[in-house]
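Participant: Here's a structure for you.
The values are calculated or read from the model by the stated rules, or taken from the named source; none is laboratory data. Just so it is clear, the model here is predicted, and its values are computed rather than measured. Cβ atoms come from the backbone with ideal geometry, glycine included; neighbour counts cover every protein chain shown. SASA here: full protein model, heavy atoms, side chains in, ligands and nucleic acids out. Shrake-Rupley method; radii C 1.70, N 1.55, O 1.52, S 1.80 Å.
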Amino acid sequence: MSLRKMRPACKAGATIAISLAVFFASVKVTGDGMYRISGHVPDKQLLRARYLGHRIQTENMKLALVLRPRDPGGLEEFLKKLHDPTDPEYRRFITPEEYAERFGPSEDDIRIVSDHLARNGLRVKDVHQSRLVLEVEGPVASVERAFILQINNYSLQSGRLIHSADADPIFPAAVAGKVALVAGLKNLAERKPHLVKPRKIDFRADPRASIGDFMTPAKIKSAYGLDTVPQTGTGETLAIFTLAGYSQSDVNSYASTFGLPAPSLENVLVDGVDGSAGSGAEETTLDIELASAVAPGLSKILAYQGPNTEAGVLHTYSKIANDNRASVVSVSWGLS
């Protein structure tokens, strides 16, 4: 089957909502008996974008291949019971190992998908403990061959340069029923903070500055209705999902200014990020400071930082779930 060297045609299909629980990706039979999994091509954005040509064939791509869970109906029912206060199963959480045994794809399913990828020149770097996510890597040429599509370069109306698949991935029947999503075929989505920076004030140097004008720990607790909650998070571990580093000096300064204990922080770096405080660091810094304000007794804050890509986001969420070190997860990054 030849690859189409053209701009993408207008196709129907909504973007898949990414969840590590239940997937309902639409699978359609193509004319030659292959199966197309919809929801991967950002049609509206690409139709307004300027086509810049075929992506370099040898360029390496990192993907997250998400498999369909075993017994999706049973999984959905389990999740309902887990969050129903009237159900005996309420908050009876299971471990990643238990999840894999009850709902994870079978070893045969993983082998069938992995063999298809390998035949087309792609490498499975890792199988996550839940068995839902395969970390996959390989050159553009292999990606195009494995999924029967083309990776092109585009310029958005904003001037930003992106790459994207020109069509939804296609699989043989034996593979299609086991795959829910191929994340990383495009880099259109870019999560970024929307915080507004106030003017910088040194409370000690400016006698006119009033702490009462700013979001003190007491005000943060009040805003979230926690001012009458006696618990302080003592003994608990919090995981913060983030796509940027943070400023340790800002975190320490915040704790010192408001008489809070300095939080015990541990960085968990995903997919080769270096943890430096670059673009977006203010978002992560604020997340840590807010957590310190409402739960000063936390024993540890785990900062899980991954790359700001489709595959990176999935890998980071999956790492938090499969590590199973935190009792609470905080997320302030997302898309509309």
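Participant: Report the FRET efficiency, 1/(1 + (r/R0)^6), for Asp274 and Ser249, where r is their Cβ-Cβ distance and R0 is 22 Å, rounded to 0.05. Present the calculation step by step, with values, prior to reporting the outcome.
Facilitator: Details: r = 18 Å, r/R0 = 0.81.
With R0 = 22 Å, the Cβ-Cβ based efficiency is 0.80.
Participant: Set the Förster radius R0 to 51 Å, insert the Cβ-Cβ distance between Leu156 and Glu98 as r into 1/(1 + (r/R0)^6), and round the FRET efficiency to 0.05. Write down the numbers at each step before the final one.
Facilitator: Values: r = 44 Å, r/R0 = 0.86.
Computed FRET efficiency for Leu156 and Glu98: 0.70.
Participant: Further, regarding this structure: Under the 0.36 nm per residue contour assumption, what length would be gained going from the current alpha-carbon distance of Arg325 and Lys192 to full extension? All intermediate terms of the calculation are to be shown ahead of the outcome.
Facilitator: Values: separation 133, 0.36 × 133 = 47.88 nm, distance 2.65 nm.
So the extension gain works out to 45.2 nm.
Participant: Step through the residues of region 180-196 one at a time and calculate ³J(HN,Hα) from phi using the Karplus curve (6.51 cos²θ - 1.76 cosθ + 1.60, θ = phi - 60°), rounding each to whole Hz and writing x for Gly and Pro.
Facilitator: 9, 7, 10, 8, x, 6, 8, 10, 5, 6, 9, 6, 8, x, 10, 6, 10
Participant: Right, next: Which value, in debye to the nearest 20, gives the size of the charge dipole of the chain about its Cα centre, when Lys and Arg are +1 and Asp and Glu are -1 at the Cβ?
Facilitator: Working: 39 positive and 38 negative charges, 249 e Å.
Value, rounded to 20: 1200 debye.
Participant: When only C-alpha pairs under 8 Å and at least 6 residues apart count, what is the relative contact order of the chain, in percent? Could you put the intermediate results ahead of the total?
Facilitator: On the way: 613 pairs, mean separation 65.1, N = 336.
Relative contact order here is 19 percent.
Participant: Rounded, prolate or oblate: which fits region 209-336, taking a ≥ b ≥ c as square roots of the Cα gyration tensor eigenvalues, rounded meaning a/c under 1.5, else prolate when a/b beats b/c?
Facilitator: Values: a/c = 1.89, a/b = 1.53, b/c = 1.23.
Cα axes put region 209-336 in the prolate bin.
Participant: Taking 1 over the mean of 1/r across every pair of different Cα atoms in region 246-297, what Kirkwood radius in Å do you get?
Facilitator: Details: mean 1/r = 0.0861 Å⁻¹.
For region 246-297, the Kirkwood estimate is 11.6 Å.
Participant: Could you give the distance between the Cα centres of region 216-266 and region 111-179, to the whole Å?
Facilitator: Here the two parts' Cα centres lie 39 Å apart.
Participant: Show that you can apply the helix-only estimate: for the chain, add -39,500 (n - 2.57) for every DSSP H stretch of four or more residues, divide by all residues, and state [θ] at 222 nm to the nearest 500. Show your work: numbers first, answer last.
Facilitator: Details: 10 runs with 93 residues, N = 336.
Using -39500 (n - 2.57) per qualifying helix, the result is -8000 deg cm²/dmol.
Participant: While we're on this one: Helix 72-82 versus the longest principal axis of the chain: what angle, 0 to 90°, nearest 10, using Cα atoms?
Facilitator: Taking Cα atoms only, the helix is inclined about 10 degrees.
Participant: Going by alpha carbons, how many degrees (0 to 90, nearest 10) lie between the helix axis of 107-119 and the longest principal axis of the chain?
Facilitator: Approximately 70 degrees, to the nearest ten.
Participant: Taking the Cα centre of region 113-165 as the origin, how large is its charge dipole in debye, to the nearest 20, when only Lys and Arg (+1) and Asp and Glu (-1) carry charge on their Cβ atoms? Don't skip to the answer; put the middle values down first.
Facilitator: Working: 6 positive and 5 negative charges, 9 e Å.
Here region 113-165 has a charge dipole of around 40 debye.
Participant: Follow-up question, since we're still on this one. Please calculate how many Å² of accessible area the chain carries per residue, with a 1.4 Å probe and no DNA, RNA or ligand atoms counted.
Facilitator: On the way: 17480 Å² over 336 residues.
So the chain comes to 52 Å² accessible per residue, rounded to a whole number.
Participant: Right, another one. What is the angle, in °, between the Cα long axis of helix 281-294 and the longest principal axis of the Cα atoms in the chain? Nearest 10 is fine, range 0 to 90.
Facilitator: For helix 281-294, the angle is close to 50 degrees.
Participant: On to the next question. Which value results for Rg/Rh of the chain when Rg is the Cα radius of gyration and Rh the Kirkwood radius based on the inverse mean 1/r?
Facilitator: Rg/Rh for the chain comes to 1.02.
Participant: Quick one: if you stick a label point 7 Å off each Cα along the C-beta vector at Ser299 and Ser256, how many nm between them?
Facilitator: Using points 7 Å along Cα→Cβ, the separation is 2.8 nm.
Participant: Which FRET efficiency value, to the nearest 0.05, do you get for Lys219 and Asp43 by plugging their Cβ-Cβ distance into 1/(1 + (r/R0)^6) with R0 = 35 Å? Walk me through the numbers on the way to the answer.
Facilitator: Values: r = 44 Å, r/R0 = 1.26.
It comes out at approximately 0.20.
Participant: Further question: Gly121: net charge of surrounding residues, Cβ under 12 Å, Lys/Arg +1, Asp/Glu -1, itself excluded? Each step should come with its number before you reach the end.
Facilitator: Values: positive: Arg119, Arg123, Arg145; negative: Glu137, Glu144.
That works out to +1.
Participant: With the full set of protein chains in place, find how many percent of the accessible area of the chain is carbon and sulfur; take the probe as 1.4 Å. Please report the intermediate quantities before stating the final value.
Facilitator: Numbers: 9120 of 17480 Å².
Summing carbon and sulfur atoms, their accessible area is 52 percent of the total for the chain.
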